[in-house]
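One structure is given below, encoded as structure tokens.
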Amino acid sequence: MEQIISAGLEELNLSGKIPETAPARLAKYGQLLLEKNQVMNLTAIREPEGAARLHFLDCAALLNYCDFQGKTLIDVGTGAGFPGLALKIMVPTLDVTLLDSLNKRLDWLDEVSTALELEGVRTLHARAEEQALVKGYRDSFDFAAARAVADLRVLCELCLPYVKVGGQFLAMKSANSTQELEQAAHAVKLLGGRVADIKDYTVPGTEVTHRLIIIEKLAPTLKGYPRRWAKIQKEPL
């Protein structure tokens, strides 16, 4: 896994921009992920090469579009820690909060952080739509990131409230998300954002093209958002 990750980082022109220890740490993370996946459903990808490319190199591509040095990031619905924990390994000065509604996943991520001797990583057991109302979290982060499969309108309502004015929400989507993006225009504007950039990239060593949608926060999110989860699901903005 380490060799695949190293070669992929070189292909992404990142090899000189991240710590020399990053490929080995990412590979160890991948090994721990595949081991744990035998007893807990963390990823549908079950082979080392797939994990190296479709998890770690997919997340690494974000470094070509955003400056994470010394910034704060909340990974909403972090799951197995992507992209938040992977970015932390590649950018040690990034302060990361991993939010998830399933405590078992967070316990495992704590174990991984300890095994990799990472500092500046926080796990948070909460529902995204509820935690976004809490002082110290709302309008507070340089970046919010989501790699979830949910509709972009839903992701915007869950994630944009966390972002400070001038910060960015990073939505990791498939390349065929154009219609989804158009449908989310109202939600983006209502929640205080604007689409700043759209970047398509090919994951090294694959024919898979993914899309990063960068939404800039222009104004604090209006009171009343995010709404209750049942409402968000039933009536997307």
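Roughly how compact is the range 173-227, stated as its Cα Rg over 2.2 N^0.38 Å to two decimals?
Details: Rg = 13.7 Å, N = 55, 2.2 N^0.38 = 10.1 Å.
Rg over 2.2 N^0.38 Å, computed on Cα atoms: 1.36.
Within the range 109-157, the percentage of alpha carbon pairs spaced more than 13 angstrom apart rounds to 71%.
Is the range 1-141 rounded, prolate or oblate when judged by the Cα gyration tensor, a ≥ b ≥ c being the square roots of its eigenvalues, rounded requiring a/c under 1.5 and prolate requiring a/b larger than b/c?
Values: a/c = 1.97, a/b = 1.25, b/c = 1.57.
The shape class here is oblate.
Run the reach check for residue 28 against lysines, Cα to Cα strictly under 28 Å, same-chain hits fewer than 8 apart removed. What comes back? Leaving aside lysines fewer than 8 places away in the same chain, those within reach of residue 28 are 17, 36, 71, 88, 104, 173.
Starting from the Kirkwood Rh over alpha-carbon pairs, what translational D in µm² s⁻¹ does the chain have by Stokes-Einstein at 4 °C and 1.567 mPa s? Kindly include the intermediate steps, with their values, before the conclusion.
On the way: Rh = 17.8 Å.
For the chosen part, D equals 73 µm²/s.
Our coupling estimate for the range 136-143, obtained by passing each phi through the Karplus curve with A = 6.51, B = -1.76, C = 1.60 and θ = phi - 60°, is x, 10, 5, 6, 10, 9, 5, 9 Hz, Gly and Pro reported as x. Taking the longest Cα principal axis of the chain as reference, the axis of helix 22-36 is set at about 80 degrees. Once each part is reduced to its C-alpha centroid, what is the distance from the range 14-40 to the range 134-182 in angstrom? First find each Cα centre; the distance between them is then 25 Å. For the range 138-210, would you read off the P(r) tail past 17 Å as a percentage of all alpha carbon pairs? Cα-Cα pairs of the range 138-210 separated by over 17 Å account for 43 percent. In terms of Cα atoms, the Rg and Dmax of the range 60-181 work out to 13.6, 42 Å. Approximating the spin labels as points 7 Å out from Cα along Cα→Cβ, the residue 197-to-residue 114 distance works out to 3.8 nm. The shape of the range 108-237 can be summarised by an equivalent ellipsoid whose semi-axes, obtained from the alpha carbon gyration tensor, come to 23, 22, 14 Å from longest to shortest.
Output needed for the range 1-84: three equivalent-ellipsoid semi-axes, defined as square roots of 5 times the C-alpha gyration tensor eigenvalues, in descending order, whole Å.
Sorted largest first and rounded, they come to 21, 16, 10 Å.
Which of 108, 229 has the fewest other C-beta atoms within 10 Å, and how do the rest follow up to the most? Intermediate values should be presented prior to the final figure.
On the way: 108 19, 229 16.
Ascending number of Cβ neighbours within 10 Å: 229, 108.
Please arrange 214, 89 by how many other C-beta atoms lie within 10 Å of their C-beta, fewest to most. Mind dumping the intermediate values first?
Details: 214 19, 89 28.
In order of increasing Cβ crowding within 10 Å: 214, 89.
Once the chain from residue 67 to residue 164 is taken as fully extended at 0.36 nm per residue, the excess over their C-alpha distance is 33.4 nm.
Working note: Karplus 6.51/-1.76/1.60 with θ = phi - 60° gives the range 147-158 the couplings 10, 7, 8, 5, 4, 4, 4, 5, 4, 4, 5, 7 Hz, where Gly and Pro are set to x.
Read the figures in this text as sums done on the coordinates, not as results from a lab. Remember, it's a predicted structure, so these values are computed and weren't measured experimentally. Don't worry about glycine lacking a Cβ; one is built from the backbone with ideal geometry, like all the others, and counts go over all protein chains shown.
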